[in-house]
Amino acid sequence: MTKHILISGASVAGPALAWWLHHHGFRTTVVERAPSLREGGYKVDIRGVAVDVVRRMGLLEKVHAASTGMRGAAFVNKRGKQVATLDADTFGFRHGDDTEILRGDLARVLYDATRANTEYVFGDWITGLDQQADGVEVTFAHGAPRRFDLVAGADGLHSGVRALAFGPEEDHLRRFDAYISISTVPNGFELDRWELLHSAAPGKMVNVYSTARAADAKAAFWFTAPELTYDRRDVDGQKDLVADRFAGLGWEIPALLEAMRAAGDFYFDPVCQIVMDRWSTGRVTLLGDAGYCPSPASGQGTSLALAGAYVLAGELASDFAKALPRYEAVMRPYAEKNQALAKTALRGIIPQSRAFAWFNTRMIRLMPYLPGRNRVLERMSRPIREAANALVLPDYAGRAARRSTSEG
Ligand SMILES: Cc1cc2nc3c(=O)[nH]c(=O)nc-3n(C[C@H](O)[C@H](O)[C@H](O)COP(=O)(O)OP(=O)(O)OC[C@H]3O[C@@H](n4cnc5c(N)ncnc54)[C@H](O)[C@@H]3O)c2cc1C
């Protein structure tokens with residue numbers, strides 16, 4: 001009988017897993033807590049082997065067509081003067097077919113590619129997992145209980161599946177004493193596929209960008225702080241917290257804070273990683289941010305989610321009984337290498353001293369005139385390029401074909 005797999009979360013990892021599971025002949029249901037597909041969001045990167053995963057799905061053209069189309073980025077001083085600029089691909093450490101897309105646009109491409117052969121249930125979530133020898137009995141907040149052969153948690157940093165199967169989030173969190181908030185704001189700077197960055201004070205960074213086809217802009221506030229206590233459901237309280245941190249600072253920060261307060265969407269979270277001894281227990285497994293979130297600072301969460309979906313589905317198709325340890329054996333070195341990028345990257349994103357911020361900006365400004373410029377750029381982008389390619393994608397297509405031949 002066709003195995004039926006339940007996936008929690010319909011963003012990147014969830015629909016990508018549904019696509020590959022269908023490709024290998026499984027039946028899939030995706031349950032998403034939000035009432036509908038979560039569109040929009042911030043820009044994310046697809047790099048290295050993840051580009052290959054998208055290419056193998058036949059979706060690379062669609063993803064490129066929906067890309068942010070960013071032209072570049074400029075560092076501005078407190079008077080708004082652009083003191084250094086970079087083209088978008090250099091700024092984003094992208095090579096070849098690597099691309100940048102809004103998270104919600106990627107989710108839309110993946111959802112559209114899977115909706116015809118995947119059962120999507122929006123506005124519901126898993127409340128209980130009862131593992132038995134031959135399946136998992138699942139209870140939902142709204143829907144009737146159902147039985148599945150396997151449950152995959154693709155429900156992000158604050159995964160409900162992880163909490164149910166592996167215990168409290170806190171046990172798996174690696175913190176960096178940094179926070180990020182992001183909101184949609186009016187495009188007051190009239191940015192055209194352009195990004196502005198302002199190092200507002202030591203430990204405080206603001207960036208604003210507007211992408212292709214977007215009438216508005218995104219404003220992100222990054223800051224370092226020891227662990228903060230706040231109510232995760234109290235959005236106004238979190239907006240106060242961000243506003244307090246950036247109060248009295250120059251450039252257009254007061255106007256951006258005002259726009260953040262009025263924004264319909266608001267994201268606020270610590271910059272952190274999920275680090276786990278194992279990603280699976282019995283018939284429950286995790287992928288994407290739920291299992292190995294590398295943090296926004298790494299710029300590699302989306303790529304890990306896409307590659308994880310490919311490997312997990314491929315291993316399930318190859319040998320269902322042995323798949324979960326194999327999935328982990330293939331993915332873990334790649335996930336860890338990408339997680340290792342975050343700490344250093346964060347130091348560059350949020351300069352901790354005026355001297356460092358000054359040096360950073362001067363380096364970028366002088367870059368075009370530096371002898372051996374290409375070598376310097378190559379050295380700077382090497383860690384992320386190596387991490388993004390630190391996985392050889394197994395060729396599961398052949399194995400799946402053999403499996404269906406022998407079953408047929
Ligand atoms: C501000 C910011 C900037 C980022 N920048 C980059 C970047 O530049 N490059 C990059 O590669 N990555 C970036 N990332 C990370 C990237 O967004 C994630 O790594 C990627 O989206 C992971 O995909 P995912 O599907 O695993 O999880 P998510 O995208 O987090 O999706 C989880 C889904 O599960 C749903 N959900 C949550 N709880 C439940 C539940 N209990 N039941 C059912 N559904 C649930 C959510 O609504 C959501 O749809 C950034 C992230 C943030 C927050």
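Kindly indicate whether any position in the stretch 233-252 is more than 24 Å from Gln352 (Cβ to Cβ), of a type in the set (A, V, I, L, M, F, W, C), surrounded by 21 or more Cβ atoms within 10 Å (Cβ to Cβ) and over 20 Å from the mean Cα position of the chain (by Cα).
no
Which of the residues that make up the stretch 267-286 are acidic (Asp, Glu) and assigned to a loop (DSSP other than H, G, I, E, B)? Quick ask: steps written out before the conclusion?
Taking the stretch 267-286 as the starting set, the residues that turn out to be acidic (Asp, Glu) are 269, 277.
Across the stretch 267-286, the qualifying residue is only Asp277.
List every residue pair whose Cβ atoms lie under 6 Å apart, where the two residues are 6 or more positions apart in sequence or sit on different chains, the first residue falls within the stretch 241-269 and is β-branched (Val, Ile, Thr), and the second residue, located anywhere, is in a helix (DSSP H, G or I) and more than 14 Å from the ligand (Cβ to nearest atom).
Note: pairs meeting the criteria are Ile253/Phe246.
Looking only at the stretch 309-349, count every residue that is in contact with a helix residue (DSSP H, G or I) (Cβ under 6 Å, 6 or more places away or on another chain) and either in a loop (DSSP other than H, G, I, E, B) or without any contact (Cβ under 8 Å) to a residue 60 or more places away in the chain (or both) and tell me the total.
So the answer is 8.
With respect to Ala50, is the statement that it is touching a helix residue (DSSP H, G or I) at 6+ places or on another chain (Cβ under 9 Å), among the small types (Gly, Ala, Ser) and either modelled with pLDDT of 95 or more or outside any loop (DSSP other than H, G, I, E, B) (or both) true?
Details: touching a helix residue (DSSP H, G or I) at 6+ places or on another chain (Cβ under 9 Å): yes; among the small types (Gly, Ala, Ser): yes; either modelled with pLDDT of 95 or more or outside any loop (DSSP other than H, G, I, E, B) (or both): yes.
Here the answer is yes, as Ala50 does meet what is asked.
How many residues are within 8 Å of the ligand (Cβ to nearest atom) and of a type in the set (Gly, Ala, Ser) when one looks only at the stretch 36-52?
1
Would you tally the residues in the stretch 350-359 being in a helix (DSSP H, G or I) and out of contact with any helix residue (DSSP H, G or I) (no Cβ under 9 Å at 6 or more places or on another chain)?
Of the stretch 350-359, the ones in a helix (DSSP H, G or I) are 354-359.
Adding the requirement that they be out of contact with any helix residue (DSSP H, G or I) (no Cβ under 9 Å at 6 or more places or on another chain) leaves 354-355, 357-359.
Result for the stretch 350-359: 5.
Of all residues in the stretch 295-308, how many are within 6 Å of the ligand (Cβ to nearest atom), assigned to a helix (DSSP H, G or I) and touching a Lys or Arg at 6+ places or on another chain (Cβ under 9 Å)? Talk me through it step by step, then tell me what you get.
To start, the set of residues in the stretch 295-308 that are within 6 Å of the ligand (Cβ to nearest atom) comprises 296, 299-303, 305.
Checking which are assigned to a helix (DSSP H, G or I) leaves us with 296, 301-303, 305.
From the residues that got through so far, the ones that are touching a Lys or Arg at 6+ places or on another chain (Cβ under 9 Å) too are 302-303.
Residues meeting the conditions: 2.
Say whether the condition of being acidic (Asp, Glu), touching a residue at least 40 places away in the same chain (Cβ under 8 Å), surrounded by fewer than 21 Cβ atoms within 10 Å (Cβ to Cβ) and over 29 Å from Val235 (Cβ atoms) is met by at least one residue in the stretch 98-111. So that I can check it myself, show each step before the final result.
Pass one, the stretch 98-111, residues acidic (Asp, Glu): 98, 100, 105.
Remaining after also requiring touching a residue at least 40 places away in the same chain (Cβ under 8 Å): 98, 100, 105.
Still in the list and also surrounded by fewer than 21 Cβ atoms within 10 Å (Cβ to Cβ): 98.
Next, only the ones that are over 29 Å from Val235 (Cβ atoms) stay: 98.
Within the stretch 98-111 (the criterion being acidic (Asp, Glu), touching a residue at least 40 places away in the same chain (Cβ under 8 Å), surrounded by fewer than 21 Cβ atoms within 10 Å (Cβ to Cβ) and over 29 Å from Val235 (Cβ atoms)), the answer is yes, since at least one residue qualifies.
When you scan the stretch 82-106, how many residues do you find that are modelled with pLDDT of 90 or more and either assigned to a helix (DSSP H, G or I) or closer than 14 Å to Gly299 by Cα (or both)?
Of the residues in the stretch 82-106, 10 are modelled with pLDDT of 90 or more and either assigned to a helix (DSSP H, G or I) or closer than 14 Å to Gly299 by Cα (or both).
Can you name the residue in the stretch 138-155 that is assigned to a loop (DSSP other than H, G, I, E, B) and surrounded by fewer than 23 Cβ atoms within 10 Å (Cβ to Cβ) and is also nearest to the ligand (Cβ to nearest atom) among such residues? Let's see the steps before the verdict.
Just the residues of the stretch 138-155 that are assigned to a loop (DSSP other than H, G, I, E, B), to begin with: 141-145, 149, 154-155.
Next cut, surrounded by fewer than 23 Cβ atoms within 10 Å (Cβ to Cβ) only: 141-145, 149.
Working: Ala141: 9, His142: 11, Gly143: 12, Ala144: 17, Pro145: 16, Asp149: 19 Å.
Looking at the filtered set, the residue picked out is Ala141.
Tell me, please, whether a residue that is within 25 Å of the chain's Cα centre (by Cα) and among the aromatic types (Phe, Trp, Tyr) can be found in the stretch 368-384. Explain how you work it out, then say what you get.
Of the stretch 368-384, the ones within 25 Å of the chain's Cα centre (by Cα) are 377-384.
Okay, now just the ones that are also among the aromatic types (Phe, Trp, Tyr), so none.
There is no residue in the stretch 368-384 that is within 25 Å of the chain's Cα centre (by Cα) and among the aromatic types (Phe, Trp, Tyr).
With Gly80, Gly69 as the choices, which residue is surrounded by fewer than 19 Cβ atoms within 10 Å (Cβ to Cβ), over 23 Å from the mean Cα position of the chain (by Cα) and farther than 21 Å from Gly14 by Cβ?
On the way: Gly69 fails: over 23 Å from the mean Cα position of the chain (by Cα).
Answer to the check: Gly80.
Given the structure, is Thr90 more than 16 Å from the ligand (Cβ to nearest atom), within 26 Å of Ala220 (Cα to Cα), of a type in the set (Val, Ile, Thr) and in contact with a helix residue (DSSP H, G or I) (Cβ under 8 Å, 6 or more places away or on another chain)? Show your work before the answer.
Numbers: more than 16 Å from the ligand (Cβ to nearest atom): no; within 26 Å of Ala220 (Cα to Cα): yes; of a type in the set (Val, Ile, Thr): yes; in contact with a helix residue (DSSP H, G or I) (Cβ under 8 Å, 6 or more places away or on another chain): yes.
The answer is no for Thr90.
Being assigned to a helix (DSSP H, G or I), more than 15 Å from the ligand (Cβ to nearest atom), out of contact with any Phe, Trp or Tyr (no Cβ under 8 Å at 6 or more places or on another chain) and not aliphatic (A, V, I, L, M): is that true of Asp171 here? Steps first, please.
Values: assigned to a helix (DSSP H, G or I): yes; more than 15 Å from the ligand (Cβ to nearest atom): yes; out of contact with any Phe, Trp or Tyr (no Cβ under 8 Å at 6 or more places or on another chain): yes; not aliphatic (A, V, I, L, M): yes.
Judged against the criteria, Asp171 is a match.
The values are calculated or read from the model by the stated rules, or taken from the named source; none is laboratory data. Computed from a predicted model, the values in this text were never measured in an experiment. Every residue, glycine as well, gets a Cβ built from its backbone with ideal geometry; the counts of neighbours run over all protein chains shown.
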